Amino acid sequence: SGPPNRKHEYLAPLMTTKPPVPPHQPSSQKPHPLLADAPWLTTTTTQRVFDALQAAGIAVRAVGGTVRNTLLGEDVSDIDLAVDAPPNEVAEAARRAGLKVVPTGIDHGTLTIVVNAIPFEVTSLRRDVATDGRRATIAYTDDWQEDARRRDFTINALYCDRSGVLFDPVGGLADIAARRVRFIGDPHARIQEDYLRILRFFRFSAQYSGRNLDETGLAACISERAGLQRLSAERIHHELHRLLKAPAALAVIRQIAPHGFIDDLVGRPGDIATLGALVAMEPQAHQALAVVHGTAVPDPVLRLAALAVSSAEDVPRLKQRLRLSNSEADRLSGAAHVASLVGTYPTPQLVHGLVYRHGNRAATDGLLLAWARQAAQGTAPDAARDRETETALLDAAATWTPPKLPISGSDLIALGVPAGPQIGVVIEAFETWWIAAGFPDDRACINARLAELVVVTNR
């Protein structure tokens, strides 16, 4: 369906004037029901973009994740369009229709059309002229088949027109039905065009397949594994983050770990057992993590802690290797430090002390990380710590608000402690007692303990 393919390609803007494309071209194919009724496609905003470009004779199809997620029944967050004209013609057509144009990726043939504050990423059909494993030199084309063949996976090379008619040049629909992630054509060639596709293969499989990796694709990734060294730390970090939060991340990591890929990513073989234990605990921890982090599981940062952090000393190396943000590194350090303080039988009193000294976030992360390690090492108690108790401790770690220290330096000076370092010594000793005693608020009890400490320190 759709416009006929022209045989010529172009490296410069086409100079010919295209006839207008009717808003609804007749087609011998029936619209796919999931696509034809998709809210993102039927909205007036989307149809305005189709109208604007087709009025200039430009053929337009939605492409990639927009189509893929619709067919999988998943949310569509971005609307990506493909067109058979170069960016300058697309921009001119959009502006002529009164639409805003932003040259977001013009070097790669991509610009963004904004309608009613909704962005539409529009990319000209293209082919790769040369690649170096990271970047490609492109040439524009008006051949939809050629555009499809340069993409990575079959499920990402699905197109549909404004009526929901599907264009499937490389068999992506069958792979959607089979929940299979498969490279287009020769996997080695696709990977050599961009070695990040190794990690994308793992991530997409964890997101959409949930079963065994495609054997041909995995074999090609193993063969081309050395190409990962050519990728920047930022690109690896981005893909690893997305892999770790995917539904079947654990299954995929278990398959790739024996081939050295986890070592390639985090600089060590990885603690798969602790990660597995954490994943098993996540449904129980859903509410607590949502409270302290604002997002529910799966949590990629906590999963990274389970996989790659044995102690807080590991974090600086991992931060440099993956170019972690300061907030990510701080969270990993906090989780690792608190985990080292959690014994086999934590109590509400211990959890309150952890929250007081380290905050709700680190206390929650550390508690979960400690339990995951215990389960992986076979040191977790069988019956002494039931699920109800664990959930209560998690809730306390996530929600308990610690009281303010009930004394100050002026209180100690009034009791005869001279100003200076001794004030800090007494406050530290009092705080240790106060936490261990369960944060008492009885003033008589507090004053009595203070008096004892003052006597001891004045000797």
Open item on the list: If Ala85 satisfies all but one of (1) modelled with pLDDT of 95 or more; (2) over 15 Å from Val115 (Cα atoms); (3) open to solvent by less than 10 Å² (accessible area, probe 1.4 Å), what's the number of the condition it fails?
Closed with: (1)
Open item on the list: When you scan the range 400-411, do you find a residue that is within 30 Å of Pro283 (Cβ to Cβ), open to solvent by 40 Å² or more (accessible area, probe 1.4 Å) and hydrophobic (A, V, I, L, M, F, W, C), even just one?
Closed with: yes
- [ ] Search the range 315-358 for residues being under 25 Å from Glu428 (Cα atoms) and of a type in the set (S, T, N, Q), and hand back the single one that is surrounded by the most Cβ atoms within 10 Å (Cβ to Cβ).
- [x] Ser333
TODO: Could you figure out which of (1) in a loop (DSSP other than H, G, I, E, B); (2) at pLDDT 95 or above isn't true of Pro247?
DONE: (2)
Task: Residues of the range 191-241 satisfying the condition of being of a type in the set (Lys, Arg) and within 25 Å of Ala174 (Cβ to Cβ) - done: Arg197, Arg200, Arg203, Arg211
Open item on the list: Residues that are small (Gly, Ala, Ser) and farther than 20 Å from Ala249 by Cα: list the helices (runs of 4 or more DSSP H) wholly contained in the range 183-232 that include at least 1 such residues.
Closed with: 187-193, 215-223
Open item on the list: I'm trying to understand the selection: among the residues of the range 429-447, which are surrounded by 11 or more Cβ atoms within 10 Å (Cβ to Cβ) and assigned to a helix (DSSP H, G or I)?
Closed with: Ala429, Phe430, Glu431, Thr432, Trp433, Trp434, Ile435, Ala436, Cys445, Ile446, Asn447
TODO: Please find, within the range 45-78, the residue that is most open to solvent (accessible area, probe 1.4 Å) out of those that are out of contact with any strand residue (DSSP E or B) (no Cβ under 7 Å at 6 or more places or on another chain) and among the polar types (S, T, N, Q).
DONE: Ser77
Task: Members of the range 204-251 found to be touching a helix residue (DSSP H, G or I) at 6+ places or on another chain (Cβ under 6 Å), open to solvent by less than 20 Å² (accessible area, probe 1.4 Å) and free of Cβ contacts under 8 Å to residues at least 60 places away in the same chain, listed by number - done: Ser205, Ala206, Leu213, Gly217, Ala220, Cys221, Leu228, Glu239, Leu243, Ala246, Ala248, Ala249
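Residues checked against (1) within 30 Å of the chain's Cα centre (by Cα); (2) open to solvent by less than 40 Å² (accessible area, probe 1.4 Å); (3) of a type in the set (Val, Ile, Thr); (4) within 28 Å of Asp51 (Cβ to Cβ):
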{"site": "Ala94", "(1), (2), (3), (4)": "no, yes, no, yes"}
{"site": "Asp128", "(1), (2), (3), (4)": "yes, no, no, no"}
{"site": "Thr137", "(1), (2), (3), (4)": "yes, no, yes, no"}
{"site": "Asp143", "(1), (2), (3), (4)": "no, yes, no, yes"}
{"site": "Arg149", "(1), (2), (3), (4)": "yes, no, no, no"}
{"site": "Phe167", "(1), (2), (3), (4)": "yes, yes, no, yes"}
Open item on the list: Any residue that is more than 16 Å from Asp80 (Cα to Cα), assigned to a loop (DSSP other than H, G, I, E, B) and at pLDDT below 90 - is there at least one of those in the range 117-134?
Closed with: yes
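Could you check, for the range 275-282, whether at least one of its residues is touching a residue at least 24 places away in the same chain (Cβ under 8 Å) and either open to solvent by 70 Å² or more (accessible area, probe 1.4 Å) or in contact with a Ser or Thr (Cβ under 9 Å, 6 or more places away or on another chain) (or both)? It would help to see each step written out before you state the result.
Keep residues of the range 275-282 that are touching a residue at least 24 places away in the same chain (Cβ under 8 Å), which gives 275-281.
Still in the running and either open to solvent by 70 Å² or more (accessible area, probe 1.4 Å) or in contact with a Ser or Thr (Cβ under 9 Å, 6 or more places away or on another chain) (or both): 280.
Checked against the condition, which is being touching a residue at least 24 places away in the same chain (Cβ under 8 Å) and either open to solvent by 70 Å² or more (accessible area, probe 1.4 Å) or in contact with a Ser or Thr (Cβ under 9 Å, 6 or more places away or on another chain) (or both), the range 275-282 yields at least one hit.
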Task: Qualifying positions in the range 359-387 - open to solvent by less than 30 Å² (accessible area, probe 1.4 Å), touching a helix residue (DSSP H, G or I) at 6+ places or on another chain (Cβ under 8 Å) and charged (D, E, K, R) - done: Asp365
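The values are calculated or read from the model by the stated rules, or taken from the named source; none is laboratory data. All figures in this text were calculated on a predicted structure; none of them were measured in a lab. Cβ coordinates were reconstructed from backbone atoms using ideal geometry, including for glycine residues, and neighbour counts include every protein chain displayed. The area values use the complete protein model at the heavy-atom level, side chains included, leaving out ligands, DNA and RNA. Shrake-Rupley method; radii C 1.70, N 1.55, O 1.52, S 1.80 Å.
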